[in-house]
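The values are calculated or read from the model by the stated rules, or taken from the named source; none is laboratory data. Fair warning: this is a prediction, and the values are worked out from it, not measured in the lab. As a convention, Cβ positions derive from the backbone with ideal geometry for all residues, glycine included, and neighbour counts pool all protein chains shown.
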Amino acid sequence: MRIGVINGLNESKEDHIFDRVKALGLSTCQLNIWNSAYYSERLAKKVNEQSAATGVVPCALWAGYCPPTKWNFTEGPTTLGIVPEEYREKRVEELKMGADFAKLIGVPAIITHCGFIPENMTDPQYKPVVAAIADIASHCKDLGLEFWFETGQETPVVLLRVIEEIGLGNFGINLDPANLLMYGKGNPLDSLEVFGKYVRNIHVKDGMTPTNGHQLGREVQVGKGMVNFPKFVKRLREIGFDGEFIIEREIPEGEEQRKDILETVENLKKWWNA
């Protein structure tokens with residue numbers, strides 16, 4: 001069982017890239033980069049050197065893109081991922097740059113949120129969005145990499161449909177069970193029956209379903225929300241999951257976040273071995 005955390009990389013951290021992960025006693029992470037200016041050979045060299053020095057090995061690159069990004073129901077559909085037409089071309093290029101960087105640091109995949117992919121296949125934006133995803137995934141495949149969707153804004157069947165329609169063979173899913181609940185898009189256990197064979201790693205996060213039609217559900221400490229982690233982890237074992245459990249606690253870095261992460265590490269071990 002490999003347990004890690006989301007680990008953001010920005011200019012202030014580039015000389016201490018893995019210090020936080022090491023301090024938590026963990027040996028892997030998803031490296032999270034939002035600014036495409038960081039996709040340089042110079043920074044890739046630092047990542048590789050510091051990974052070797054600390055023993056912390058990144059398992060994937062979570063690749064962001066240019067603003068704006070609004071994580072809600074009202075502005076999210078027009079700002080997130082590669083769905084909004086006005087940002088699509090630039091973000092496709094940024095995600096390709098992320099793939100180039102991922103290749104330099106030796107990780108197997110990039111991960112991102114593609115946005116509110118239309119549920120309705122006859123929506124005029126559906127085919128252009130799928131074509132853009134195929135373009136990115138094809139670039140990844142040329143590099144020997146995979147492209148992993150983080151769950152959130154789409155229902156599980158939409159992700160399955162897109163994977164099947166493109167058919168490049170290098171797709172995976174970074175399953176965030178809390179996001180499925182917080183966006184009201186599905187039940188984490190049920191989602192495994194839809195796309196379980198594509199799940200490559202997990203965002204260990206907990207949350208609540210929305211209580212009104214305009215606001216996302218709340219993120220909460222793992223074990224205190226509506227994700228039934230004992231059953232979820234058990235089902236992952238049953239379907240042969242062997243990827244990483246990446247803890248994502250969406251509160252500011254500090255003592256409370258550290259305490260929650262360490263508690264989650266112990267709970268994950270207990271649930272996996274139950």
**Complete:** Of (1) closer than 28 Å to Tyr183 by Cβ; (2) modelled with pLDDT of 95 or more, Val57 fails just (1)
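Taking the conditions exactly as written (buried (at least 18 other Cβ atoms within 10 Å of the Cβ) and at positive phi), does Gly115 satisfy them or not? First the steps, then the outcome.
Values: buried (at least 18 other Cβ atoms within 10 Å of the Cβ): yes; at positive phi: yes.
Criteria met by Gly115.
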**Complete:** Of the residues in the range 24-54, those that are part of a helix (DSSP H, G or I), of a type in the set (A, V, I, L, M, F, W, C) and in contact (Cβ under 8 Å) with a residue 12 or more places away in the chain come to Leu43, Ala44, Val47
**Message:** Considering only residues that are surrounded by fewer than 17 Cβ atoms within 10 Å (Cβ to Cβ) and touching a Leu at 6+ places or on another chain (Cβ under 8 Å), which ones fall in the range 199-222?
**Reply:** Thr209, Pro210
**Asked** Counting just the residues of the range 96-141 that are among the aromatic types (Phe, Trp, Tyr) and either part of a loop (DSSP other than H, G, I, E, B) or free of Cβ contacts under 8 Å to residues at least 40 places away in the same chain (or both), which one comes out nearest to Tyr183 (Cα to Cα)?
**Response** Phe116
**Message:** Restricting to the range 172-222, name every residue that is among the basic types (Lys, Arg) and over 15 Å from the mean Cα position of the chain (by Cα).
**Reply:** Lys185, Lys197, Arg218
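So, in the range 55-66, exactly how many residues are over 12 Å from Gly106 (Cα atoms) and without any contact (Cβ under 8 Å) to a residue 60 or more places away in the chain? Spell out how you get there, then give the answer.
Going through the range 55-66, the residues over 12 Å from Gly106 (Cα atoms) turn out to be 55-56, 62-66.
Imposing the further condition that a residue be without any contact (Cβ under 8 Å) to a residue 60 or more places away in the chain reduces the set to 55-56, 63-66.
So the count comes out to 6.
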**Request:** Output the residue which, of all residues in the range 207-263 that are touching a Gly at 6+ places or on another chain (Cβ under 9 Å) and among the polar types (S, T, N, Q), is modelled with the lowest pLDDT.
**Result:** Thr211
**Prompt:** Scanning for something more than 18 Å from the chain's Cα centre (by Cα), buried (at least 18 other Cβ atoms within 10 Å of the Cβ) and at pLDDT 95 or above, does the range 21-32 turn up at least one residue?
**Reply:** yes
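If you check Asp142 against the conditions, is it of a type in the set (D, E, K, R) and in contact with a helix residue (DSSP H, G or I) (Cβ under 6 Å, 6 or more places away or on another chain)? Steps first, please.
Working: of a type in the set (D, E, K, R): yes; in contact with a helix residue (DSSP H, G or I) (Cβ under 6 Å, 6 or more places away or on another chain): no.
No, not satisfied.
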**Item:** Failed item in (1) surrounded by fewer than 17 Cβ atoms within 10 Å (Cβ to Cβ); (2) within 19 Å of Asn32 (Cα to Cα); (3) in contact with an Asp or Glu (Cβ under 8 Å, 6 or more places away or on another chain), with Pro128 passing the rest
**Value:** (2)
**Item:** Number of positions in the range 55-95 that are in a helix (DSSP H, G or I) and either surrounded by 22 or more Cβ atoms within 10 Å (Cβ to Cβ) or of a type outside the set (Lys, Arg) (or both)
**Value:** 13
**Request:** Scan the range 232-253 residue by residue and report those that are free of Cβ contacts under 8 Å to residues at least 60 places away in the same chain and surrounded by fewer than 16 Cβ atoms within 10 Å (Cβ to Cβ).
**Result:** Lys234, Arg237, Glu238, Ile239, Gly240, Asp242, Glu250, Ile251, Pro252
**Asked** For the range 142-219, list the helices (runs of 4 or more DSSP H) that sit wholly inside it and hold at least 2 residues that are closer than 20 Å to Met1 by Cβ and not acidic (Asp, Glu); which are they?
**Response** 177-182, 188-195
